[in-house]
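First comes the structure, then the notes that go with it.
The values are calculated or read from the model by the stated rules, or taken from the named source; none is laboratory data. Source: prediction; values computed, not measured. Because the Cβ atoms are built from the backbone with ideal geometry, glycine has one as well, and the counts that use them run over all protein chains shown. Surface areas here come from the heavy atoms of the whole protein model, side chains and all, with no ligands, DNA or RNA. Shrake-Rupley method; radii C 1.70, N 1.55, O 1.52, S 1.80 Å.
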Amino acid sequence: MVEPKLRSLLSNGPSSTDLQHETAHTARGWLDLAHEAAYADDLERALECASHGLANVGTKAEVALGLYRLVASVHHKLDDEAAMLEAISNRTDLLRTLGQTHQADMEDQLGSILFAEADAFASTVLSGVADQERSSGGVDTVLADVLIGLAVHQMSQMNGEEALELIEEAAALQRRRADAGYHLSAGSLANTEMFLAHLKFMNEQVDAADTLSQQILETGCNRAVRAAMWMMQAVIAHHRNDMPDAASFGVRALELYARLQIRPGAASAASLVASVARRVDRHQLSVLAWKVAVDQAEQGEVEETSGLVAALGHQLLDAGEVTEAEEVLTTLVTREKLSGNHQILAHALIDLGNAVCRQGRYTDAVKHWRDSIDAFLKVDAVREAARTSLGAGMKLVEADDEKIFADAEELMRQAVEMAKASEDPAVETQGLRELAKLLCDQTKPEGLALYDKAIELAGNDEVRYVAAELTRQKAHAYQLFGKNNKAVATALTAADMFEDEAELAMGHGCELMAGKFLIEDSKWLEATTLFTTIAEAEGIQPELRRAALLGLSTALRGQGEHHDSERMKQQAQRIEVETPLPTEHEFSADTVFDD
């Protein structure tokens, strides 16, 4: 059911429902509508709903408290201080009639600090109030709201553990006050528990977050809270690798967010569904979900819209829709060049280059990739620029068109220089290797020297696997240049290096490669000795032993020893390979040693 729901959200246009026509039959219903409008940042609608609620509130004190708090908060956002103070005054007057006088006095003193996002000064004030309220030990207290304000500030400082402790204390206090008969703002406990569920997940208390979010969904919370909790359920399912539930819960959250016109939430939920679809290789469905995410973000003028468009372009590439990907990414690049967001621009240009490269337009691809590198460099992202330059060079080599090898070489050289400047040895080594291979494939001697540089650089690592692999590749390069003696010696050196790293299969493979070079040079005696040694090696994999026996058979036949050659061949054929090697070794194929 995911695909039809996504298509419905796209086809129903900018507004799937007219919220202005939604009404409620009770004051509590109006409070819920007001909260939902506030979440959607429709502040005028929020005030209108709150006004209807207050006109119908009667004796429902908890609902009235919630309405006055919401009105004060909205007027604060609108910079209407007089209206804000009036709402606070109406709320504190009501608190006094309910006997919660200390809470009323403190709310009068603190004013907007209780519901505005706390800065460093406000957090200092709130910390002092929290200490004072804790020491009094009373239940007629403003402590819960103070703790929530402090938790929001801790979150802004990326202090998740401290925020969790504060919200746990706040939720426990709210429950204790409710049990003691004190009047809480309607819906305030659900809002606090929603915050608590998010913090529990962020602090890796996944099971607790799951349980709490399910409990909140079972209560009579408003639709904005329900959407957030369905989103929490989707995130938890994704975390647990339960993709069907992640998609199902994500779509529930998306539908609610979209209905309420809470565009950032809808875009986030659609993004999650897109990621889930991609994880299960449903690339077209992922494209559709990204389109919904972009549509919702654009309707709400969400700050992250460009990033979502970039994700859509990338997913179109993965789905093979290169023409549409080019259209989407071209529009994005034009927009980001004007806005000056160099990170988004750089990534979009990489994918735009990939899109035109797949269409065989290599000149255009190189231009986009160079522009991407320039964009990275403008924000001093030298390592990203180096990776982009290397990747671009490798893409051009994959095209297997000699006319663009010069561009590939230039990009790779640039990558090596930038990686060296930014002290990124992994990319520098890979760049040297790719450049060496490109040059050696064209029989340019500089390639051999570059292999030496790469091997020397990789040799600085305690793990010598990379250096061994580079040495193996250099042996191949020597053979391309017709330097078979050096090819054999280098292959055997690589074998020793692999065996030092306990990579016996790779070591034996390099020895087989050396034997192949000997056969190609008609050095039958040396080949016979080497293949015999390999075939008798302790712990050799069956597939590699079979290859060694086939090599030995070929070497014996080259010496005219046809009987022994046939015997070795039959012995090789009797070896049953139950499980192939984890890595496919080019040198283990039977065809390597055919005449």
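Hull surface divided by four, with the convex hull built on the Cα atoms of region 434-581: how many nm²?
Quarter of the Cα hull surface area: 9.1 nm².
How much net charge surrounds residue 238 when only other residues with a Cβ under 9 Å from its Cβ are counted (Lys, Arg +1; Asp, Glu -1)?
0
Using heavy-atom solvent-accessible surface (probe 1.4 Å) with all chains present, what is the largest-first order of 242, 351?
Numbers: 242 55, 351 15 Å².
I get 242, 351, largest accessible area first.
Report ³J(HN,Hα) in whole Hz for each residue of region 554-570, in order, from the Karplus equation J = 6.51 cos²θ - 1.76 cosθ + 1.60 where θ = phi - 60°; Gly and Pro get x.
Running phi through 6.51 cos²θ - 1.76 cosθ + 1.60 with θ = phi - 60° gives 5, 5, 5, 5, x, 8, x, 8, 5, 5, 5, 4, 5, 4, 5, 5, 5 Hz.
Just to confirm the number: angle between the C-alpha axis of helix 81-97 and the first principal axis of the chain, 0 to 90 degrees, nearest 10?
Helix 81-97 sits at roughly 70 degrees to that axis.
Can you give the net charge of the other residues whose Cβ lies under 9 Å from the Cβ of residue 212, counting K and R as +1 and D and E as -1?
-1
Full-extension gain between residue 538 and residue 7, please, as 0.36 nm times their residue separation minus the C-alpha to C-alpha distance.
Computed gain between residue 538 and residue 7 is 185.0 nm.
How tilted is helix 322-339 with respect to the longest principal axis of the chain? Cα atoms for both, answer in degrees (0 to 90, nearest 10).
Once rounded, the angle reads 60 degrees.
Is it possible to state the helix-based mean residue ellipticity at 222 nm for the chain, with each DSSP H run of 4+ residues giving -39500 (n - 2.57), the sum divided by total residues, to the nearest 500 deg cm²/dmol? What is it?
So the calculated ellipticity at 222 nm is -24500 deg cm²/dmol.
Could you give the nm distance between label points at residue 26 and residue 214, where each point is 7 Å from its Cα heading toward the beta carbon?
So the two model labels end up 2.7 nm from each other.
Hey, if we sort 98, 338, 47, 512 by accessible area with the 1.4 Å probe, largest down, what's the order?
338, 98, 47, 512
Considering only protein heavy atoms, with the full assembly of protein chains and a 1.4 angstrom probe, order 89, 213 by accessible area, largest first.
Ranked from most to least accessible, the order is 89, 213.
Counting Lys +1, Arg +1, Asp -1, Glu -1, what net charge surrounds residue 306 among other residues with beta carbon under 12 Å of its beta carbon? Let's see the in-between values first.
Details: positive: 335, 337; negative: 298, 301, 303, 304, 336.
Net charge in that neighbourhood comes out at -3.
Kindly report, to the nearest 10 Å², the accessible surface of residue 114 as traced by a 1.4 Å probe over protein heavy atoms only.
Here the accessible area works out near 20 Å².
Which Rg and Dmax, in Å, describe the Cα atoms of region 52-116?
11.3, 31
Starting from the Kirkwood Rh over alpha-carbon pairs, what translational D in µm² s⁻¹ does region 175-270 have by Stokes-Einstein at 37 °C and 0.692 mPa s?
The calculation lands on 239 µm²/s.
Roll a 1.4 Å probe over the protein heavy atoms and report the accessible area of residue 501 in Å², nearest 10.
Residue 501 exposes around 50 Å² with every protein chain in place.
Measuring from centroid to centroid over Cα atoms, what is the spacing of region 420-453 and region 160-184 in Å?
Here the answer is 61 Å between Cα centres.
At 7 Å along Cα-to-Cβ for each site, give me the label-to-label distance between residue 136 and residue 339 in nm.
So the two model labels end up 4.8 nm from each other.
Say a paramagnetic label sat at a point 7 Å from the Cα of residue 168, along Cα to Cβ; which residues of region 206-245 have their backbone N under 13 Å from it?
206, 208-209
Tilt of helix 143-156 relative to the longest C-alpha principal axis of the chain, in degrees (0 to 90, nearest 10)?
It is inclined by approximately 30 degrees.
For labels at residue 51 and residue 77 in the simple 7 Å Cα→Cβ model, what's the distance in nm?
Those two pseudo-labels are separated by 1.7 nm.
Give me the distance between the Cα centres of region 234-311 and region 335-365, rounded to whole Å.
One Cα centre to the other: 24 Å.
Okay, which of region 401-416 sit inside 17 Å, backbone N to the point 7 Å along the Cα-Cβ direction of residue 443?
402
Where nothing but the Cβ of Lys and Arg (+1) and of Asp and Glu (-1) is charged, how large is the charge dipole of the chain around its Cα centre, in debye to the nearest 20? Could you put the intermediate results ahead of the total?
Values: 54 positive and 97 negative charges, 182 e Å.
I would put it at about 880 debye.
Work out the P(r) tail for the chain: percent of alpha carbon pairs separated by more than 47 Å, whole number.
Distances greater than 47 Å cover 40 percent of the Cα pairs.
Would you work out which of 269, 190, 123 lies farthest towards the positive end of the dipole of the chain, given +1 charges on the beta-carbon of Lys and Arg and -1 on that of Asp and Glu, about the Cα centre?
269
Report, to the nearest whole %, how much of the accessible area of the chain belongs to carbon and sulfur atoms, 1.4 Å probe, protein only. If you can, show how the numbers build up before the last one.
Details: 13680 of 28140 Å².
Carbon-and-sulfur percentage of accessible area, whole number: 49.
Charges on Cβ only, +1 for Lys and Arg, -1 for Asp and Glu, centred on the Cα centroid of the chain; of 152, 393, 40, which one is farthest towards the dipole's positive end?
My answer, from the dipole projection, is 40.
Using 0.36 nm per residue of separation minus the Cα-Cα distance, give me the extension gain between residue 318 and residue 180 in nm, one decimal. Before the final figure, lay out the partial values.
Details: separation 138, 0.36 × 138 = 49.68 nm, distance 5.83 nm.
Extending this stretch completely gives an extra 43.9 nm.
Taking the Cα centre of each part, how many Å lie between region 35-102 and region 467-484?
Here the answer is 78 Å between Cα centres.
For residue 291, tell me the accessible area in Å² from a 1.4 Å probe, rounded to the nearest 10.
Ignoring ligands and nucleic acids, residue 291 comes out at about 70 Å².
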